[in-house]
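Structure first, commentary second.
Rule-based calculations on the coordinates, nothing more; no lab input. All values reported here derive from a predicted model rather than from experimental measurement. All Cβ positions, even for glycine, are placed from backbone atoms using ideal geometry, and neighbour counts span all protein chains on display.
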Amino acid sequence: MAAVTAGVTPGFILSGLIIGMLLGFILQRGQFCMNSAFRDTIFMKDFTMFRSYLIALVIMIIGANILEDIGTIVLKRQTFYPLANIVGGYIFGIGMVLAEGCGSGIIYRTGEGLLYAWVAVFCFLTSVGATTNGILNPVLMFLKKESFSFSLSGRPNAALWQLIGEGPAIKWFVISVLSFIILLYILRGRPFSAKRREGFSWPLTGVLVGVMGVIAFWASQFWGGGFARGLSFATPTGELFLTVLNGNAESRFFPMFSLGPFQTTWAVFFIVGVPLGSFASAKMLGKFKWRVPAARQLVTIMGGSIMMGFGAVLAGGCNVGQALTGFATLSVGSIVATAAIIAGNWTMVYFKFIKPARG
């Protein structure tokens, strides 16, 4: 467990809350959900939201690595656990289709008054807690044994460019090639002529999410105890759950601070801010409305949310924690987990939507 470093400061609380609220506002305005981004590519042949995700990703890759190279932040790349990354990511991808939203999607939609999202978040919370510190923890510990880690180029947490070589020149060559390929694909969607709508356009949403991701890397290190953890939803959700349940976030890796009798992390305030920002946006647009799902739909959502919580912890992060924040560090483990999340999503989309439609 991480040591408690000090008492909270106003910057610690406000930076987490403000970044969470701004992100929640952006997610609601842009209806940004990575379940939709991945699902729509094969179900509806619509690549709009996927391109929005890619805009955010390329901004975070470039921004985070610039901040690292100028010494502003230190990026912590995840250890590569092939079994955990693949199995956890795949289960998460399946779960996000059943839950009708990704980890960030179900949380920001609580601010829109969707009761299914509240149920989904509760099940997600419970599953994250059970995997991190409860009945499912033995599975996590087994698949993340040191003997199951995999070293590439002599490193257990290798970055993509280190598969080729070392040094800033090779690093930025890889980033440049990857970013160029992504940008070419984005430009095929004609982002500069995207139609305006009630909320944010898909290009603007991608830009804003990416910028918030870079800011979160900096703010979490500057105010959050010296660890640039960036944006994530699974681990912070578990930390919030444990803080409320027993007064201790019980973080193994991230700095904890004392707040009266509580031991908490920067990300707890961030995760609280997301639905608040979403609520503000929904109210301003007149989109806030309490809506109750059908009982059968609710059961499926509960099952999917439980799968998401378990899969996210096992994979080392959720759709945002791995497919944006982790990928931005170019960690091989995060890239593999992202591929597994997409594969799981596509698998369930096929069995839930495409196969029934074909009869």
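Using a cut-off of 28 Å between Cα atoms, the listed pairs 76/144; 283/352; 45/352; 195/287; 76/145 include 283/352 as exceeding that distance. The overall shape of the stretch 4-358, judged from the alpha-carbon gyration tensor, is rounded, with an a/c ratio under 1.5. Distance from the C-alpha centroid of the stretch 259-276 to that of the stretch 37-84: 24 Å, rounded to the whole angstrom.
Out of the stretch 201-291, which trypsin sites (Lys or Arg not before Pro) are coil in DSSP terms and have no more than 11 other C-beta atoms within 10 Å?
Values: sites: 229, 252, 283, 287, 289, 291; in loops: 229, 252, 287, 289.
In loop regions of the stretch 201-291 (DSSP not H, G, I, E or B), the sparsely surrounded trypsin sites (Lys or Arg not before Pro) are 252, 289.
Rounded to the nearest Hz, the phi-derived 3J(HN,Hα) couplings of the stretch 331-346 under the Karplus curve 6.51 cos²θ - 1.76 cosθ + 1.60 (θ = phi - 60°) are 5, 4, x, 5, 5, 5, 4, 4, 4, 5, 4, 5, 4, x, 4, 5, where x marks glycine and proline. Here the 3J(HN,Hα) profile of the stretch 317-326, calculated from phi with Karplus coefficients 6.51, -1.76 and 1.60 at θ = phi - 60°, is x, 8, 4, 7, x, 9, 6, 10, 5, x Hz, Gly and Pro shown as x. Normalised by the number of residues in the chain, the mean separation of alpha-carbon contacts (under 8 Å, six or more apart) gives a relative contact order of 41 percent. The orientation-averaged projection of the convex hull spanning the C-alpha atoms of the stretch 36-193 amounts to 12.4 square nanometres. For residue 171, the aspartates and glutamates whose Cα falls under 20 Å of its own Cα, not counting residues fewer than eight places away in the same chain, are 68, 69.
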